[in-house]
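Written out below as structure tokens is the structure these notes cover.
The values are calculated or read from the model by the stated rules, or taken from the named source; none is laboratory data. No experiment lies behind these values; they were computed from the predicted model shown. Neighbour counts run over all protein chains shown; Cβ positions are idealised from the backbone, glycine included.
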Ligand SMILES: Nc1nc2c(c(=O)[nH]1)N[C@H]1C(S)=C(S)[C@@H](COP(=O)(O)O)O[C@H]1N2
Ligand SMILES: [Mo]
């Protein structure tokens, strides 16, 4: 595991160009580096829970323990990972629970516009509701058929294929539904509030009016 899959070449088609695409300013990474701030948390199954809170439709919290969460319907999504430090990993197959499934089981109030995804040690990242609700946004437990390792986010990480990888916290513990935007960990520390790699939205100084709350 860990090797990028090149979605390329038919039988005998040696002159065919590879069909993968890199966003501007990115380069292909062989293998799968580990990138995060702070220590790798220890997983304690008896203490772990996944919590949806904030502006839920019914005003209450929704919690899943580890057994309940792993019993949710499992789906796979092929998606690339683009780190803002310029490496990309292409064509990984992620397995887990679509964010849409969570939105269905714990519906947000109609006034919700953004979510904050929370991870161990208070790491967080904010997303527009539309990015969170996108078809391929996934709470991943697996990559290429194998459980995630601790350093890659076991037991749960978020994959948001259309955004830079810092928008996908490893060691996720919950989601807060928000009725206004608020910056997460890296978004408060100089990174772009939206983070679209195809538009090279790397840093907060590139933000245009409406891209995010005042710094
Ligand atoms: N909890 C947490 N999740 C995180 C980060 C972090 O610092 N803390 N870094 C992000 C960044 S910048 C990247 S590029 C990816 C890297 O994932 P990987 O280590 O599995 O390659 O994790 C993201 N998720
Ligand atoms: Mo990153």
- residue 148 passes all but one of the listed conditions (1) away from ligand 1 (no atom under 11 Å from the Cβ); (2) under 20 Å from residue 35 (Cβ atoms); the exception is number (1)
- Scope region 160-179; condition surrounded by 24 or more Cβ atoms within 10 Å (Cβ to Cβ) and under 19 Å from residue 55 (Cα atoms); matching residues: 175
- Message: Tell me yes or no: at least one residue of region 185-192 is near ligand 1 (Cβ under 10 Å from one of its atoms) and assigned to a loop (DSSP other than H, G, I, E, B).
- Response: yes
- Query: What is the residue count in region 58-113 for residues that are within 16 Å of ligand 2 (Cβ to nearest atom) and either farther than 28 Å from residue 44 by Cβ or loosely packed, with under 14 Cβ neighbours inside 10 Å (or both)?
  - Reply: 11
- Item | Test: residue 53 is touching a residue at least 40 places away in the same chain (Cβ under 8 Å), farther than 30 Å from residue 199 by Cβ, away from ligand 2 (no atom under 16 Å from the Cβ) and surrounded by fewer than 18 Cβ atoms within 10 Å (Cβ to Cβ) | yes
- Message: I want to confirm something. Restricting to region 122-159 and keeping residues that are within 16 Å of ligand 2 (Cβ to nearest atom) and part of a loop (DSSP other than H, G, I, E, B), which single residue is surrounded by the fewest Cβ atoms within 10 Å (Cβ to Cβ)?
- Response: 123
- Count, please, the residues in region 193-215 that happen to be in contact (Cβ under 8 Å) with a residue 24 or more places away in the chain, part of a helix (DSSP H, G or I) and surrounded by 14 or more Cβ atoms within 10 Å (Cβ to Cβ). 1
- Message: Pull out all pairs, ordered by first then second residue, where Cβ-Cβ is under 9 Å, the residues are six or more apart or on different chains, the first lies in region 16-45 and is within 19 Å of residue 169 (Cβ to Cβ), and the second is modelled with pLDDT under 95 and assigned to a loop (DSSP other than H, G, I, E, B).
- Response: 32/1; 32/2; 32/3; 32/4
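The rows are residues; the columns are (1) at pLDDT below 95; (2) more than 19 Å from the chain's Cα centre (by Cα); (3) over 25 Å from residue 187 (Cβ atoms).
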residue	(1), (2), (3)
21	yes, yes, yes
26	no, no, no
54	no, yes, no
58	no, yes, yes
61	no, yes, no
65	no, yes, yes
73	no, no, yes
77	no, no, no
104	no, no, yes
- Item | Answer residue from region 34-50, given it is more than 16 Å from the chain's Cα centre (by Cα) and within 16 Å of ligand 2 (Cβ to nearest atom) and is farthest from residue 99 (Cα to Cα) among those | 38
